[in-house]
Amino acid sequence: KGLRLFVSCHPFWSPVSMAMRQTPLTCSGHTRPVVDLAFSGITPYGYFLISACKDGKPMLRQGDTGDWIGTFLGHKGAVWGATLNKEATKAATAAADFTAKVWDAVTGDEVLTLAHKHIVKSVNFTEDSNCLLTGGNDKVLRIYDLGKPEAEPQEIAGHTSAIKKALWCNNDQHILSAAEDKTIRLWDKNTKEAVKTLSFDASVSSMEYIPDGEILVITYGRTIAFYSAHSLDLIKAVDAPASIHSASLHPEKDFFVAGGDDFKLYKYDYSTKDEMESYKGHFGPIHCVRFSPDGELYASGSEDGTLRLWQTAVGKTYGLWKCVLPEELSSENSEALYCPPAEIKA
Amino acid sequence: MRSSMKTPVSVLRLPRGPDPNSRGFDPNSPRFVALCPTTVPSSSSSSSGSADEEEQRLRAELRERFLRTLLLMTGKRVRFDMHEHVRVHARFGASDIDVLTLQVSDLETPLGVQREALLRCQDVIACSFEAREGARSVATV
């Protein structure tokens with residue numbers, strides 16, 4: 001019944017010290033590169049994951065298993081950004097068809113289409129899900145009141161090149177935006193003025209805001225940098241072996257993970273900045289990586305068109321991963337477990 | 001050498017992929033049932049229930065009319081008015097269950113006649129055809 005577990009001939013020196021090798025879970029379905037992903041908060045039905053793809057069909061998945069729930073159909077171009085509200089009841093997407101769309105994340109229905117004058121790259125809900133922030137190639141930040149969708153959005157201009165990412169922060173009183181003009185700007189949402197500007201030598205590749213602790217995670221070149229979201233003061237920075245496209249800080253701030261050009265995922269100790277592990281698995285550059293809201297796993301999206309889920313504590317029973325003790329492996333009564341074979345290079 | 005000694009973590013199964021026949025969002029999932037109350041009123045509905053009932057009846061009637069229009073269209077030469085001022089003629093075959101795609105034959109395009117083709121409903125604004133001699137019907141998709 002089911003798959004017989006393949007048991008290798010390794011002797012088990014000691015059950016306690018037996019190290020486990022990370023088994024990433026591959027979520028297939030997209031047909032083109034996955035360029036953005038976001039988790040919801042923890043809801044009574046678990047947590048959820050949305051992925052943005054150049055195939056124009058963003059997908060919703062169950063966060064802890066990667067099981068596909070549905071595909072949001074409607075965009076006519078590559079989807080560059082995707083987000084969920086905390087309760088995972090609403091989704092928003094930003095696309096190359098010059099629109100941002102708001103969706104009912106339970107039914108999959110399109111709720112709102114917000115026309116823009118150029119490619120939209122980033123979307124972000126406020127904590128109460130009442131406002132949507134958008135940013136894209138027309139260099140203007142827009143704030144939409146979702147209770148009054150016909151009303152004109154508030155606009156914040158200032159960036160001199162395409163906006164790549166825009167986020168609410170500091171209790172939704174500030175907006176953080178990163179653009180191709182190699183700056184990150186902190187805006188006061190009421191005065192619409194830039195409170196602070198950070199300039200870099202290279203274009204910022206990703207930005208993550210951690211509300212608890214008000215930390216901003218920024219990647220550019222091979223650097224992963226951590227800033228205070230209030231003052232934009234640098235906390236610390238780490239250089240990786242390859243160009244990094246995205247990084248994420250664990251909710252408990254003990255680790256962070258990063259991925260980029262060399263297809264690998266790196267895991268670092270946040271306090272010591274030491275590289276702890278690196279994982280191969282993707283067949284293309286990694287575009288986005290995020291920790292789940294409970295910190296038990298992180299998801300990566302790649303040029304290879306897949307999403308992969310990785311365990312934070314390798315070997316722990318969680319989601320689809322099962323901790324198997326040595327005695328169980330050779331037992332006749334073992335459940336049908338799938339034990340992946342050794343990596344086969346393509 | 002050391003890493004090859006490590007046993008890979010076991011998994012119960014692989015993550016489920018998309019269903020090729022639907023866009024998902026299962027209406028029978030616990031989350032859907034809890035968060036999207038049905039519009040069909042219960043037998044013990046209040047006076048506002050009759051307004052819901054009327055709306056439901058009208059919706060059902062409109063839906064039935066739309067489906068009958070699709071049936072009537074089958075095999076007929078239909079004119080499709082689409083975005084970007086595109087207007088094409090084709091023989092209508094069938095629609096898929098979600099009315100996302102229309103199967104047509106002998107699609108007349110500026111590049112020539114396409115024997116078999118699929119039209120995306122989201123691109124179609126309206127279809128019109130002759131239901132019977134001299135009578136033209138228009139359906140907005």
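Inspection of segment A:148-156 finds a residue satisfying the criterion of being closer than 30 Å to B:VAL33 by Cα, in contact (Cβ under 8 Å) with a residue 24 or more places away in the chain and in contact with a strand residue (DSSP E or B) (Cβ under 8 Å, 6 or more places away or on another chain).
Of the strands (runs of 3 or more DSSP E) lying entirely inside segment A:51-125, those carrying at least 1 residues that are closer than 26 Å to A:LEU297 by Cα and within 14 Å of chain B (Cβ to nearest Cβ) are A:59-62, A:68-71, A:79-84, A:90-95, A:99-104.
Have a look at A:GLY295, A:GLY315, A:GLY301 and point out the one that is buried (at least 19 other Cβ atoms within 10 Å of the Cβ) and part of a loop (DSSP other than H, G, I, E, B).
Selected residue: A:GLY315, the only one of A:GLY295, A:GLY315, A:GLY301 that is buried (at least 19 other Cβ atoms within 10 Å of the Cβ) and part of a loop (DSSP other than H, G, I, E, B).
Under the condition of being crowded, with 20+ Cβ neighbours inside 10 Å and more than 16 Å from A:VAL217 (Cα to Cα), the residues counted in segment A:268-278 number 0.
For every residue, the table says whether it meets (1) within 15 Å of A:GLY213 (Cβ to Cβ); (2) of a type in the set (Ser, Thr, Tyr); (3) out of contact with any Phe, Trp or Tyr (no Cβ under 9 Å at 6 or more places or on another chain).
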| residue | (1), (2), (3) |
| --- | --- |
| A:PRO251 | yes, no, no |
| A:PHE256 | yes, no, no |
| A:ASP262 | no, no, yes |
| A:TYR270 | yes, yes, no |
| A:LYS273 | no, no, yes |
| A:SER278 | no, yes, no |
| A:GLY281 | no, no, no |
| A:PHE291 | yes, no, no |
| A:ASP294 | no, no, no |
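Condition test on A:LEU265, is it farther than 18 Å from A:ALA179 by Cα, among the hydrophobic types (A, V, I, L, M, F, W, C), surrounded by fewer than 19 Cβ atoms within 10 Å (Cβ to Cβ) and touching a strand residue (DSSP E or B) at 6+ places or on another chain (Cβ under 9 Å)? So A:LEU265 fails the test. Considering every residue within segment A:55-70, establish whether at least one is among the hydroxyl-bearing types (Ser, Thr, Tyr) and either within 17 Å of A:LYS165 (Cα to Cα) or modelled with pLDDT under 95 (or both). No, the conditions are met nowhere in segment A:55-70. The listed residues are B:SER48, B:SER42, and the only one of them that is at pLDDT below 90 and over 30 Å from A:GLY70 (Cα atoms) turns out to be B:SER48.
Here is a yes/no grid of residues against (1) in contact with a helix residue (DSSP H, G or I) (Cβ under 7 Å, 6 or more places away or on another chain); (2) of a type outside the set (D, E, K, R); (3) more than 14 Å from every other protein chain (Cβ to nearest Cβ):
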| site | (1), (2), (3) |
| --- | --- |
| B:LEU62 | no, yes, yes |
| B:LEU70 | no, yes, yes |
| B:MET73 | no, yes, yes |
| B:LYS76 | no, no, yes |
| B:SER95 | yes, yes, yes |
| B:ASP98 | no, no, no |
| B:GLN103 | no, yes, yes |
| B:THR140 | no, yes, yes |
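Annotation note: of B:SER105, B:SER50, the sole residue that is in contact with a strand residue (DSSP E or B) (Cβ under 6 Å, 6 or more places away or on another chain) and not aliphatic (A, V, I, L, M) is B:SER105.
Can you pull out every residue in segment A:126-165 that is part of a strand (DSSP E or B) and among the aliphatic types (A, V, I, L, M)?
The answer is A:LEU132, A:LEU133, A:LEU141, A:ILE143, A:ILE156, A:ILE163.
Kindly check whether there is at least one residue in segment A:305-325 that is closer than 15 Å to A:ILE224 by Cβ, away from chain B (no Cβ under 11 Å) and at pLDDT 95 or above. No, because not a single residue in segment A:305-325 is closer than 15 Å to A:ILE224 by Cβ, away from chain B (no Cβ under 11 Å) and at pLDDT 95 or above.
The values are calculated or read from the model by the stated rules, or taken from the named source; none is laboratory data. Bear in mind that the values here come from a model prediction, so they are computed numbers and not experimental data. Cβ sites come from the backbone with ideal geometry, for glycine too, and all protein chains shown count toward neighbours.
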